[in-house]
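The values are calculated or read from the model by the stated rules, or taken from the named source; none is laboratory data. These numbers come from a predicted model, not from an experiment. Backbone-built Cβ (ideal geometry, glycine too); neighbour counts: all protein chains shown. Each accessible area value is taken on the protein alone, full model and side chains, heavy atoms only, with ligands, DNA and RNA left out. Shrake-Rupley method; radii C 1.70, N 1.55, O 1.52, S 1.80 Å.
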Amino acid sequence: MDISRKERKEAIKEIIRDIHAGADLDTAKEKFKAKLGNVSATEIGQAEEELVREGLPRQEVRHLCEAHLAVMRDALGPVKLDVPPGHPIHTFREEHARILDFLAKLKETVAALQRESHPEAVSESLALLKHVAEHLMEIEKHNAREENVLFPYLEKHGISEPPAVMWAEHNDLREMKKQLLELTTEYELLGREKFLQELAGVASRIDQTLSSHIFKENNILYPMALQALSEEEWWQVRRECDAIGYCCFTPPTAQEALAAESKERAEVGPATGDRVVFPTGTLTHEELRCLLNALPVDLTFVDKDDTFRYYSETRGRIFVRTTASIGRKVQQCHPAQSLDKVNALIDDFRHGRRDAEHFWIHLGDKYVYISYYAVRSEKGEYLGTVEVTQDIAPLQHISGEKRLLSEQRE
């Protein structure tokens, strides 16, 4: 006898609770088949979402996600995502196909290094290993589009737990990929035996974690997204993804230009000519926007309610920001492991315990200086927090004085 949607969801939740209580997976799988048969990606996602809201720790859901998948994989109904080239989901899935190719090449290269000991063969395999490792690092552009565009749109539709799990896996995978890339240059330093041992370990972790991650996104996250977002929202997602950019291995069909008939992005704010009045002068909205964008720093503003409200459109922005994130709570814009620091800093600003905080990190060839300032009214009321970010690497080389104009460019 068919059961209602609510009863199906409760059955899924019951089986997930059983798994978390330590039930045998084969037994859980048989129970699943007997009660439900097939199940959709959306049903799984909604069940996990509700369990977290009911008090099941998110970390437990994440850690036992593989067990859920093992039980439900066979019962997961057929997933057919009929989207055209250029659609964000088509692009994500095409990139996944290339990533799986890199994982296969990674396993082949590890096997070749274990098999071959001739210096020339080892040298060739190490070069290929580095090539694969660099392409795996390029996945960060794929992740940036998901984290800063797709995930915020899903959250607007009440889908927050599956994106949270995927984001946490991005962070774990980022560290694994860094380890792999660093390892590619340490063959001589570590010696053959230790190098191969460490390589086999990190390669295996990347392969298992990334393969499972791709399966969950292709078969659970993306179908949920297609069901939730409207055609207009997908158009906005595409525009935001285009602004962030694509991977070096993104297929050409997924990078086609937007159709000529696509709507132009609507201008935000009052018409040019309206002026903003300050105690020290006035600016048109266009002047204010362009002035902020011309500053040699990236600005991000979070209001007194911890809501992301504004970012400057600085050329060559250091950290990705998208309009999809406007309206999100700042806590949703950071990985779980950094939330304590974010909340502590904002709480200090809100209660007047500090007015500023500064950090500096190396990011590729950039030396990034990040400052946070409490924004207060004339009466001292907390209005929000502004983040100011800039690359200070060029400033490290300044000495002496400069009093003359640079030569005029042709």
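Observations on the structure shown:
- Counting only protein chain heavy atoms and rolling a 1.4 Å probe, the accessible areas of H170, H157 rank, largest first, as H157, H170.
- Nearest-ten-degree value, helix 119-137 long axis tilted from longest Cα axis of the chain: 70 degrees
- Counting heavy atoms of the protein chains alone, K35 has an accessible area of about 90 Å² for a 1.4 Å probe.
- Whole-percent carbon and sulfur share, accessible surface of the chain, 1.4 Å: 52 percent
- In the chain, the inverse of the mean reciprocal separation of distinct Cα atoms equals 24.7 Å; this is its Kirkwood hydrodynamic radius.
- Relative to the current alpha-carbon distance between F215 and H397, full extension at 0.36 nm per residue lengthens the span by 60.8 nm.
- Quick note on segment 75-178: its Rg to Rh ratio, both from C-alpha atoms and Rh being the Kirkwood radius, is 1.09.
- The alpha carbon gyration tensor of segment 364-408 gives principal lengths a ≥ b ≥ c with a/c of 1.5 or higher and a/b greater than b/c, which makes the shape prolate.
- Cα Rg over Rh - segment 185-249, Kirkwood: 1.25
- Relative to the dominant Cα principal axis of the chain, helix 285-294 is inclined by about 70°.
- 5 angstrom amide H check on L383, placed H, neighbours 5+ away: V375, R376, S377
- Pairs exceeding 27 Å between alpha-carbon atoms, taken from K13/K216; K6/K29; K341/K366; K107/K141; K329/K379; K35/K107: K35/K107.
- Taking all protein chains together and a 1.4 Å probe, the residues D242, D305, D340 rank D340, D305, D242 from largest to smallest accessible area.
- The residue list V110, F215, T284 was ranked by how far each Cα lies along the charge dipole of the chain toward its positive end, using unit charges on Cβ atoms, and T284 comes out on top.
- The figure for Y382 is an accessible area of roughly 30 square angstrom, using a 1.4 Å probe on the protein chains alone.
- Whole-number percent relative contact order across the chain, with pairs defined as alpha carbons under 8 Å at least 6 apart: 14 percent
- Relative counts (whole %) of C-alpha pair distances in segment 119-230, using bins that are 10 Å wide: 13, 39, 25, 15, 7, 1
- Entry comment: accessible area of the chain is 57 Å² per residue, from protein heavy atoms only and a probe of 1.4 Å.
- Candidate aspartates and glutamates for bridging to K31, where Cα separation is under 12 Å - those fewer than 8 sequence places away on the same chain excluded: E14, D18
- Degrees, to the nearest 10: 339-350 long Cα axis against longest axis of the chain: 30 degrees
- Pairs of alpha carbons in segment 271-410 whose separation is greater than 25 Å (percent): 40 percent
- Using heavy atoms of the protein chains and a probe of 1.4 Å, the accessible area assigned to S377 is about 30 Å².
- Backbone phi angles across segment 195-205, fed through the Karplus curve with coefficients 6.51, -1.76 and 1.60 (θ = phi - 60°), yield HN-Hα couplings of 4, 5, 5, 5, 4, 4, x, 5, 5, 5, 5 Hz in residue order; Gly and Pro are listed as x.
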